[in-house]
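Asks: Below you'll find the structure I mean.
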Amino acid sequence: MIEKTVTIGFSFETRSAALLVQTASKFKSKILIKAGERTANAKSIMGIISLGITDGQEVKLLADGDDERQAIPALEQFFRVGQ
């Protein structure tokens with residue numbers, strides 16, 4: 001399992017959540033996002049929206065699986081620029 005803390009670098013909205021799910025779904029690994037005390041599956045749109053992520057907030061990325069080493073950098077990049 002790999003963990004990485006990143007800071008959100010853009011205004012995170014519903015469209016951002018959908019793009020995040022698309023990005024996470026490219027990987028086989030189990031990917032979780034932890035924001036404060038809440039944790040959600042990065043491949044679940046409702047889970048991501050329920051986190052209430054905001055600009056400038058720190059979130060923790062957790063990936064576990066065969067392609068975890070590729071998943072974390074891709075998600076880290078996403079959270080920095082929103083794409």
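Rule-based calculations on the coordinates, nothing more; no lab input. Keep in mind the model is a prediction, meaning the values are calculated, not measured. Reconstructed Cβ throughout: ideal geometry from the backbone, glycine too, with neighbour counts over all protein chains shown.
Asks: With contacts defined as alpha carbon pairs under 8 Å and 6 or more residues apart, what's the relative contact order of the chain in percent?
Replies: On the way: 156 pairs, mean separation 39.2, N = 83.
Reported relative contact order: 47 percent.
Asks: Follow-up question, since we're still on this one. Using only DSSP helix segments of four residues or longer, with each worth -39500 (n - 2.57), what per-residue ellipticity at 222 nm results for the chain after dividing by its residue count and rounding to 500?
Replies: Values: 3 runs with 31 residues, N = 83.
So the helix-based figure for the chain works out to -11000 deg cm²/dmol.
Asks: Here's another thing I want to ask about it. If you keep only loop residues by DSSP, which trypsin sites (Lys or Arg not before Pro) in the stretch 24-83 have at most 15 other Cβ atoms within 10 Å of their Cβ? Kindly include the intermediate steps, with their values, before the conclusion.
Replies: Numbers: sites: K26, K28, K30, K34, R38, K43, K60, R69, R80; in loops: K26, K28, K43.
Here the sparse-neighbourhood loop sites are K26, K28.
Asks: Determine which aspartates and glutamates satisfy two conditions relative to K30: a Cα distance under 15 Å, and not lying fewer than 8 residues away in the same chain.
Replies: E3, D64, D66, D67, E68
Asks: Obtain the radius of gyration and the Kirkwood radius of the chain from its C-alpha atoms and give Rg over Rh.
Replies: 0.91
Asks: Which GluC sites (Glu not before Pro) in the stretch 22-83 sit in a loop by DSSP (not H, G, I, E or B) and have at most 13 other Cβ atoms within 10 Å of their own Cβ? Before the final figure, lay out each step's value.
Replies: Details: sites: E37, E58, E68, E76; in loops: E37.
Those satisfying the criteria are E37.
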